[in-house]
Amino acid sequence: MRPAFLDWYQRLGRLGLRLLCLHLLWLAWTLRGGVVLGVFPATAALHGVLRDDARTAIAHPEEPPALAGLRARFGELWKREFAAANRLGAVLALCWAFLLVDRRVVEHLDLGAAGPLLAGGLTVAGVVLGVVTVLVWPLQSHFEEGAGALLRRALVLTAGRPATAALAGAGVGVLLCAYYLVPGLIPVFGLAAPAALATAVLWRSGVLAPRALVSA
């Protein structure tokens with residue numbers, strides 16, 4: 001029992017350290033792009049490294065991901081995905097802006113009986129868009145496609161594999177609630193923990209099966 005517990009404890013410690021390193025790299029490369037142009041490539045690079053980790057875990061299950069070369073790999077992915085990630089991020093930002101503006105309009109206009117229906121529809125749309133946002137970045141790291149194709153793929157995944165999509169979305173939601181209750185977790189794990197959870201769900205579900213791997 002004790003060796004098993006120690007092994008589990010060491011694995012948890014290595015995971016926490018890696019998530020911390022990835023969070024710090026995400027912050028550094030977000031700032032490198034002046035935040036606006038850096039945040040989406042940094043997010044793509046983060047998911048790209050997590051994809052590498054998932055592949056390593058499949059090929060070498062007893063070999064933990066190495067910290068050596070992590071910064072270089074992150075920077076390589078940031079530069080490679082700079083344009084594509086910013087295009088995808090811009091489309092997502094426009095979708096969220098459109099949804100939020102519509103929500104404000106519905107809240108401030110007297111639409112009669114149609115008001116609650118529209119508000120309910122926008123709530124459902126917000127949940128779907130939230131799940132799509134969670135799923136699209138792991139997909140972006142795995143498939144060399146444009147923003148439109150990736151969003152369609154995320155929507156198809158949400159509709160075709162609702163259990164997987166719900167598990168990923170709910171898991172990220174629980175983590176965000178934990179961040180709200182314990183704000184000290186944010187500067188330690190930041191976006192790295194939700195990204196790792198979503199990536200793990202997709203890989204374990206078989207959506208990103210090894211046979212579907214594209215060239216890195």
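The values are calculated or read from the model by the stated rules, or taken from the named source; none is laboratory data. The structure displayed is predicted, hence computed values, not measured ones. We place every Cβ from the backbone using ideal geometry, glycine too, and count neighbours over all the protein chains shown. For accessibility, only protein heavy atoms count, side chains too; no ligands or nucleic acids. Shrake-Rupley method; radii C 1.70, N 1.55, O 1.52, S 1.80 Å.
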Taking the stretch 147-162 as the region of interest, how many residues are loosely packed, with under 14 Cβ neighbours inside 10 Å and in contact (Cβ under 8 Å) with a residue 12 or more places away in the chain? 1
For Gly16, state whether it is surrounded by fewer than 17 Cβ atoms within 10 Å (Cβ to Cβ), out of contact with any helix residue (DSSP H, G or I) (no Cβ under 9 Å at 6 or more places or on another chain), at pLDDT below 95 and not acidic (Asp, Glu). no
May I ask you to verify whether Val49 is modelled with pLDDT of 95 or more, part of a helix (DSSP H, G or I) and open to solvent by 20 Å² or more (accessible area, probe 1.4 Å)? no
Pair list, Cβ under 7 Å, 6 or more apart: the stretch 78-101 residue open to solvent by less than 50 Å² (accessible area, probe 1.4 Å), other residue among the aromatic types (Phe, Trp, Tyr): Trp78/Trp29; Ala85/Phe40; Asn86/Phe40; Leu88/Phe40; Gly89/Phe40
Just need a number here: residues in the stretch 135-146 that are of a type in the set (Gly, Ala, Ser) and open to solvent by less than 30 Å² (accessible area, probe 1.4 Å). 1
Using the structure shown, decide if Gly13 is part of a helix (DSSP H, G or I), more than 17 Å from the chain's Cα centre (by Cα) and under 19 Å from Ala200 (Cα atoms). yes
Of the residues in the stretch 30-41, those that are open to solvent by less than 20 Å² (accessible area, probe 1.4 Å) and either in contact (Cβ under 8 Å) with a residue 40 or more places away in the chain or not in a helix (DSSP H, G or I) (or both) come to Gly33, Gly38, Pro41
Given (1) modelled with pLDDT of 95 or more; (2) surrounded by 14 or more Cβ atoms within 10 Å (Cβ to Cβ); (3) not polar (S, T, N, Q), identify the lone condition not met by Trp203. (1)
Among the numbered conditions (1) exposed (fewer than 15 other Cβ atoms within 10 Å of the Cβ); (2) farther than 17 Å from Leu208 by Cα, tell me where Leu24 comes up short. (1)
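Based on this model, can you work out whether Ala57 counts as crowded, with 23+ Cβ neighbours inside 10 Å, part of a helix (DSSP H, G or I) and small (Gly, Ala, Ser)? So that I can check it myself, show each step before the final result.
Working: crowded, with 23+ Cβ neighbours inside 10 Å: no; part of a helix (DSSP H, G or I): yes; small (Gly, Ala, Ser): yes.
The answer is no for Ala57.
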